1. Select from region 328-353 the residues that are within 11 Å of LEU306 (Cβ to Cβ) and modelled with pLDDT of 90 or more and list them in ascending order.
2. For residues that are surrounded by fewer than 14 Cβ atoms within 10 Å (Cβ to Cβ) and over 15 Å from the mean Cα position of the chain (by Cα), scanning just region 49-61, find the one that is modelled with the lowest pLDDT.
3. Taking the residues in region 404-463 that are of a type in the set (Phe, Trp, Tyr) and out of contact with any Lys or Arg (no Cβ under 8 Å at 6 or more places or on another chain) as candidates, determine which candidate is modelled with the highest pLDDT.
4. Of the conditions (1) at pLDDT 60 or above; (2) part of a loop (DSSP other than H, G, I, E, B); (3) under 23 Å from GLY170 (Cα atoms), VAL88 satisfies every one except a single condition; which number is it?
5. Within region 104-135, can you find the residues that are among the acidic types (Asp, Glu) and either part of a strand (DSSP E or B) or surrounded by 18 or more Cβ atoms within 10 Å (Cβ to Cβ) (or both)?
6. Test each condition in (1) modelled with pLDDT under 75; (2) open to solvent by 50 Å² or more (accessible area, probe 1.4 Å) for CYS17 and report the one that comes out false.
7. Could you tell me which numbered condition TYR70 fails, if it satisfies all but one of (1) part of a helix (DSSP H, G or I); (2) modelled with pLDDT of 70 or more?
8. Return the total of residues in region 166-186 being touching a strand residue (DSSP E or B) at 6+ places or on another chain (Cβ under 6 Å) and surrounded by fewer than 24 Cβ atoms within 10 Å (Cβ to Cβ).
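The values are calculated or read from the model by the stated rules, or taken from the named source; none is laboratory data. These numbers come from a predicted model, not from an experiment. All Cβ positions, glycine included, derive from the backbone under ideal geometry; neighbour counts span all protein chains shown. Quick note on the areas: whole protein, heavy atoms, side chains included, nothing else; ligands and nucleic acids left out. Shrake-Rupley method; radii C 1.70, N 1.55, O 1.52, S 1.80 Å.
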Amino acid sequence: MHFFPSLPKSSIGVNSCYIDRLPDDVLRMIFKLICEEDQATFYDYSMQNERRGRHWDDWETDYYHYQDIYAEGINDPPPSALISAMGVCERWNCLISQTPTLWTVLQISFGDGAASLEYARTFLQRSGTHPLKITLLWNDPHNPFNGVPQRFSPSYASDPPASVNETVAGAYLCLIIMELHAQVHRWREFTLRTTSQTHIHQALLLISRPCVHPARMLEKLHLQLVHGQFDADPVHYGSLVFPGSASPINDLILFGMSWSWLSPTVFSSHLVNLRIHYRMSVHEDDRDTSTTAKALSQLLGALVNLQTLALEVDMYPLATDIMSPIELPHLHYLAIKSWTMECWTANFLYNVHMPNLRILILDGVDFDFDLTEVDFEDILQELIRLTKEAPNSPLELDELHLVNFTHRADPQLLHCLYKQMTSVKVLTLGPAVSYTNDTWAIGLLPTPRGLADLPLPGLRILLLFDVSRDIVRRIVLERLSLTGPLEELYYREEKDQGNEDREEQDEIVPDDWQHQVEKYHRIGDVESERYCDVVNRRWSYLD
């Protein structure tokens, strides 16, 4: 909906316009809806950097991917409908200006340019004493990484910027941060996304300054550094963000930067949702890596009320003796994305007690060059142990999502795992890049022993990518007589254009299985290769 964002003053008559006769309370309700529309529009703008099926938080192999994302530039930010409404008439101007609750959500982008500082001051002044929700998107479309990504010493602020554009942009950002930091005691939510290490380090150094009124109201903190993944952010040894605060943060995202910036008080029992995207540099020695792994283990150990956890972290190595036992009694959702997946499953899962875990996502990461193959046998062995032999409480999942598992698995181990997972209702075998998921899917076929030996006996919803049609048909029909029809089947057929024999085989497979599913969905490509898009079923549907 749109509420007269560009209506000229001359079109409003004092006695002739019905809108002008509306009481103040009704107008405030309308203006509140305008604010909500502004926020939704800005959110869409924050995600518009998607290019060719990719998003700003896709985990790619190098920073050239992000240069591609920003190569076409970023459109100017959408105009604020609330600001436009103020220009309709003097009454609207006064009513909007004097309603503090309309000025509590501050959203500023790099595209606002010089106006951003005055914009921030206006919101701070007119919001009165109300809590603030702040989003700063400092994505520079012209200089996403200022050439080759830099490495920084602990004296980040003294390192010379790489360009005039970055200097000017950094100056604006610093001025905005200083204005906002004076009201840090009113921050309820704070999001900062940049494409420059210089900018985020300057901002964090400013936030690290002591203040009279600490950030004791902050509940949501998202710090996002979108930069090349081989250019890992170094561990920080200086002042910590929000010194002297015991902020009740319950929603925390650290994307592309080290958690060493944050005070230990941030990682407390208040935290409910946590996402860490951090890649250790391949050049860091084992001692530094071990220290970081131990620190991660320690901070997770304090999060007794954590409900959702996404760890997109690589470490070399992540040894069992580094990790200490961790209790996460309320954890419901766990996603692990890593090139070193075998370390996480064999070591992290071994040391974490998660009695209420119901959704598990494992993403082996899509990559285009040769790395050491993941040892899926170790992964399967650990999952088998967790579902049967785990002390106190075996793993009882409702959903299992396996994404980017690009290598073949041992059929016997697969069958053993699937047979033990009696509670799983939803299974995803996600995109498999250059390999197929045939081996993983074959594990769902019944054995001659029938129901007593049935893999995933509780399976109701199946999502399949890169599986040949004949195998899908066998799964549907052979399980039908034992468990009844699947409730839903989502299937993307990925033909190998270089294999004519397989194409011919797929063409002659009958379609009689499609009608044996209560709801059959023939799907196309997902919006991106993020596991969240796969799991949340964001894809195109085919006729």
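1. LEU328, PRO329, HIS330, LEU331, HIS332, TYR333, LEU334 - these are the residues of region 328-353 that are within 11 Å of LEU306 (Cβ to Cβ) and modelled with pLDDT of 90 or more.
2. ARG52
3. Within region 404-463, the match that is modelled with the highest pLDDT is TYR418.
4. (3)
5. ASP112
6. Just one mismatch for CYS17, condition (2).
7. For TYR70, the exception is condition (2).
8. Matching residues across region 166-186 total 1.
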